[in-house]
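**Q** Quick one: this structure, given as structure tokens, is what I'll be asking you about.
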Amino acid sequence: MITSTGISTWKGSWKEGTGTISTKTGFLSEAPVSYSSRFNGTPGASPEELLAAAHAACFNQAVANNAVMKNLETTSIYTTADIVLDFDASTGYPQIKSLHFNVESEIPGATQEQFEYFLERARVGCTISKIINQDVLPLTVTGKLIKS
């Protein structure tokens, strides 16, 4: 069993306070986070950005695994995960509205149909995707199979 640990500090009020985001391994160490970095796009980290990066990495590993299961080897996978954060119109609370993957991959010998199958399995089956209620949060994928 593996336990992954994220650490965050916070001092002050919601809009004026500041904090940090770290990982127990030290790979990410005290990245600054604030209301402004999260909701206004100013420099600093945001939980949603970190979730997007983690989800893109999980997604890539799932695509590679799906290819191997069909005896295909990925040469490259480049994925961006775009999380849209907005305020809910009825409650005024922050809410993730959608998550979209943009994927470019080179998988020698793969057909477009196989590639789309790999993407769909990763969309619903990667570890992080499994904890997201996809009935509530739209999680979509656009993919481009690069032919060498």
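**Q** When you scan region 83-94, do you find a residue that is of a type outside the set (G, A, S) and within 30 Å of Q114 (Cα to Cα), even just one?
**A** There is at least one residue in region 83-94 that is of a type outside the set (G, A, S) and within 30 Å of Q114 (Cα to Cα).
**Q** Related question: Within region 38-51, is even one residue surrounded by 12 or more Cβ atoms within 10 Å (Cβ to Cβ), among the aliphatic types (A, V, I, L, M) and closer than 26 Å to E106 by Cα?
**A** yes
**Q** Looking for something touching a residue at least 40 places away in the same chain (Cβ under 8 Å) and aliphatic (A, V, I, L, M) - is there at least one such residue anywhere in region 66-82?
**A** yes
Yes/no matrix, rows are residues, columns are (1) loosely packed, with under 11 Cβ neighbours inside 10 Å; (2) modelled with pLDDT of 95 or more; (3) under 30 Å from E104 (Cβ atoms); (4) not aromatic (F, W, Y):
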| residue | (1), (2), (3), (4) |
| --- | --- |
| T5 | yes, yes, no, yes |
| W10 | no, yes, no, no |
| T18 | no, yes, no, yes |
| F27 | yes, no, yes, no |
| P32 | no, yes, no, yes |
| H55 | no, yes, yes, yes |
| N66 | no, yes, yes, yes |
| M69 | yes, yes, yes, yes |
| L72 | no, yes, yes, yes |
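**Q** Can you pull out the residues in region 42-59 that are in contact (Cβ under 8 Å) with a residue 24 or more places away in the chain and within 16 Å of F101 (Cα to Cα)?
**A** E48, E49, L50, L51, A52, A53, A54, H55, A56, C58, F59
**Q** Please go through (1) modelled with pLDDT of 95 or more; (2) within 19 Å of L50 (Cα to Cα); (3) polar (S, T, N, Q) for N133 and return the number of the only condition it doesn't satisfy.
**A** The single condition N133 does not satisfy is (1).
**Q** Also, I was wondering about something else. Output the residue which, of all residues in region 75-98 that are among the charged types (D, E, K, R) and more than 26 Å from I146 (Cα to Cα), is surrounded by the most Cβ atoms within 10 Å (Cβ to Cβ).
**A** Selected residue: K97.
**Q** Tell me, please, whether a residue that is outside the structural domain of P32 (by TED's automatic domain parsing) and closer than 24 Å to A31 by Cα can be found in region 125-139.
**A** yes
**Q** Starting from region 121-148, take each residue that is farther than 16 Å from N60 by Cβ and list its partners that are modelled with pLDDT under 95 and among the aromatic types (F, W, Y), counting only C-beta distances under 9 angstrom and pairs at least six apart or across chains.
**A** none
**Q** For region 99-137, which residues satisfy the criterion of being exposed (fewer than 12 other Cβ atoms within 10 Å of the Cβ) and more than 17 Å from S76 (Cα to Cα)?
**A** E113, K130, I131, N133, D135, V136
**Q** For region 66-118, which residues satisfy the criterion of being part of a helix (DSSP H, G or I) and aliphatic (A, V, I, L, M)?
**A** Those that are part of a helix (DSSP H, G or I) and aliphatic (A, V, I, L, M): A67, V68, M69.
**Q** Go through region 123-138 residue by residue and tally those that are in a helix (DSSP H, G or I) and more than 12 Å from the chain's Cα centre (by Cα).
**A** 3
**Q** Any idea how many residues of region 22-55 are part of a strand (DSSP E or B) and within 20 Å of Q95 (Cβ to Cβ)?
**A** Result for region 22-55: 3.
**Q** Of the residues V141, V63, which single one is over 30 Å from S13 (Cβ atoms) and part of a helix (DSSP H, G or I)?
**A** Going through V141, V63 in turn, just one is over 30 Å from S13 (Cβ atoms) and part of a helix (DSSP H, G or I): V63.
The values are calculated or read from the model by the stated rules, or taken from the named source; none is laboratory data. Nothing here was measured: the structure is a model prediction, and the numbers come from that model. Every residue, glycine among them, receives a Cβ derived from its backbone with ideal geometry; neighbour counts consider all protein chains shown.
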